[in-house]
Every structure is written in C-alpha cells, then in structure tokens.
Amino acid sequence: MFLLTELFFISPRRLINSYGSVPRLRVCNERQKKHELTLEQRVEKQDIGHVAVLLIDMQEWFLNAIEYDERLREIPYHLEVLEYCRVNNLPVVVLEYKGCGPTVSILKDKVEILKDKSYIAKPKDDGFENTNLRQVLKEKHIETVLLMGINASACVMSTAAGAVMNGFKVMISKDLISDPKSYDRDESVSWYKDNTIYRDDYKELLCLLPKKKVDCSSADYY
C-alpha cells in the first residue's frame, strides 16, 4: 500500500512488482537475454482477472472546458468501449461529480442498455474517496479497472491513484481521456505510462481483456 504523496513518485518497477510480478534479473549471457521479459511484457502476462470500466465525469459542466474537436474524438471511443461491455457483459461504473449534473445523454443512453451498471456520485476528485466504489467493485470480484473520462490530469489521475492504493490494477489509453487545452496532458500521460497498464490505442487494451470477443487484427471489434 502506498501513500498518495508517494504514489506520484513511484518507479514503474516498484508499482508493477506490487502487482505480484517477479523482479527483473540481471542478464548474464545472450541465452538468458533472449528469454528475458521487458517490464511491459511482464505487465501483459499478468492475470488481469475480472475487469470493470469506470466512466469518469463525462458531464456537461466539465465537457464545456474541453475543445470541441477533442470531444468529437473521445466520445465515439467511449461509445465503442461501452458497446464492448454490452457484448461481453462487463460491468460499468459511472462516476459523476456531485453538483455538476448528469453524464451527457449520448453516453448515458448507451449505459442504460447495459445489464451491469452502477452510478456513484463522488464529492472529491478521487472516485474512491468518501464513496462506496471500492465496495461495489469488490462485490463484483473486480481486479482491474479500465478508466475513461475527464479530466485526465485531475479526476481521472486521482481515481487511478485511488484504485492502485485500494489494490486494483489500472488500464488506460490516451484515446479515452482528455484535458482542457490549458492543461499539460503529456505530463499525465507520462504518469500513466509509469504507473498503469497503458496503451496509446484503446483497442490494444481491449485485446488484453479476458473472455474477449474481439479480433485484434480486424477493424470489426464486435
């Protein structure tokens, strides 16, 4: 378990080792080197286990600060992930900041057709703080959470840190998160690369999920 102040300075090796991987051994010869796993490969080979998707703060109050082109880019990806959840019966938890209105209708309408969905109002940036999110996930035997939403450098990152501190693995993609133009998203992406299972392309995350019904070599993901 890590303190929040420690978490933002944790080396990727330390954090990934906390997930149960074997520390990397020094290579002594070429034969060993051939079979040595990189840090990223070791993450992929971990048992991701049961997965839930967290949709974070996709409310008009926050979206108004996101560039229009960025919204046009991100929301269709969210819809595709939600469709994947429908086909594969993955649970979705919608996190909404208290007092900032509902999730935008285009996403909420998609969530409503899902069999396994939950809504949680959160009072803080971290979706785990002063909510029952941990309990909801544990009751569903969730081991890994795939995060998507806004803002990448605030609520999404705080919730990712909260997830790690509560014993969950975290998956995230640059395709699925956004920040206002004034934010430095490169800095948050750097943190995600160090502390989560990160991919630029969200479809690569879907290909890591268990019980997947997806052809990773095809454009047809469903």
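The values are calculated or read from the model by the stated rules, or taken from the named source; none is laboratory data. Just so it is clear, the structure is predicted and the values come from calculations on it, not from any experiment. No Cβ is skipped: glycine too gets one built from the backbone with ideal geometry, and neighbour counts run over all protein chains shown.
Couple of notes before you dig in:
Here's the yes/no breakdown for (1) buried (at least 17 other Cβ atoms within 10 Å of the Cβ); (2) touching a helix residue (DSSP H, G or I) at 6+ places or on another chain (Cβ under 6 Å):
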| site | (1), (2) |
| --- | --- |
| Gly101 | no, yes |
| Leu133 | yes, no |
| Glu143 | yes, no |
| Ser153 | yes, yes |
| Gly162 | yes, no |
| Ile177 | yes, yes |
| Ser182 | no, no |
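- Residue check, Leu114 of a type in the set (A, V, I, L, M, F, W, C) and under 17 Å from the mean Cα position of the chain (by Cα): no
- Within region 188-199, residues that are farther than 17 Å from Phe168 by Cβ and touching a residue at least 24 places away in the same chain (Cβ under 8 Å) sit with their Cβ atoms under 9 Å from residues that are basic (Lys, Arg) and part of a helix (DSSP H, G or I), at 6+ positions apart or across chains, in these pairs: Val189/Lys174; Arg199/Lys174.
Residue-wise test of (1) among the small types (Gly, Ala, Ser); (2) in contact with a Phe, Trp or Tyr (Cβ under 8 Å, 6 or more places away or on another chain); (3) modelled with pLDDT of 95 or more.
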{"position": "Asn166", "(1), (2), (3)": "no, yes, yes"}
{"position": "Ser173", "(1), (2), (3)": "yes, yes, yes"}
{"position": "Asp184", "(1), (2), (3)": "no, no, no"}
{"position": "Lys193", "(1), (2), (3)": "no, no, no"}
{"position": "Ile197", "(1), (2), (3)": "no, no, yes"}
{"position": "Asp201", "(1), (2), (3)": "no, no, yes"}
{"position": "Asp215", "(1), (2), (3)": "no, yes, no"}
{"position": "Tyr221", "(1), (2), (3)": "no, yes, no"}
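- Matching residues, region 175-197, being in contact with a strand residue (DSSP E or B) (Cβ under 8 Å, 6 or more places away or on another chain) and within 22 Å of Arg71 (Cβ to Cβ): Leu176, Ile177, Ser178, Asp179, Arg185, Ser188, Val189, Tyr192
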